[in-house]
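Notes follow once the structure below has been shown.
Just so it is clear, none of the values below were taken in a lab; they were calculated from the coordinates. Not measured: the values here are computed from a predicted model. Virtual Cβ from ideal backbone geometry, glycine too; neighbours counted across all protein chains shown.
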Amino acid sequence: TQILFDLPASAITGVFKYFSYHEASKTYIFADERELNGIKYTAVQGFSDDTSKRFEVMIGPDISNLAINQSTGLLYVAENHSTSAGNIREIDIKSGFAKNAVESNNSLAIGAYTNIQIDPTTNRLYIGDDVSDSIFVADLSARTIGELNVAPVIVDEIATEN
């Protein structure tokens, strides 16, 4: 077997969480949760094919998922806070600059963002939250977030053939 990418041993020092790859810049993206001097945080790092580090960003202590927009080179990270509102962070792979992806809305940002998926054609981020059992939609162009409105499914008694 051929090793496709040889990550430096010192790169991941905490609990490994997520991995992604940005095709255009050929950047491998890793996230691990760490504790330093009693403070917990997550390191999100990007490495090139030759294992040189392109960026490193320290964000909130507990993340639940990553999603990458291949066309824009923006990485979205769901911070999963069990005691306060969750947050979606946007990280630019080229600069390593991190900021909030959407304006915070505490009534929607319940906290346990378990899954995020990006739709690059609409520039929307779909966020599954298992605290409120809801799906939220973040419009990344307008920087707003709202609850996905899904019509309830009414299941009638299933007829069976005899």
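Remark: for residue pairs Lys26/Lys53; Lys17/Lys99; Lys17/Lys40, the C-alpha separation exceeds 18 Å in Lys17/Lys99. Simple spin-label estimate for Ser25 and Ser52 gives 1.4 nm between the two label positions (7 Å along the Cα-to-Cβ direction from each Cα). For the pair Phe97 and Arg143, the difference between a 0.36 nm per residue extended length and the Cα-Cα distance amounts to 14.9 nm. Counting Lys and Arg as +1 and Asp and Glu as -1 over every other residue whose Cβ lies under 10 Å from the Cβ of Asn115, the net charge comes to -2.
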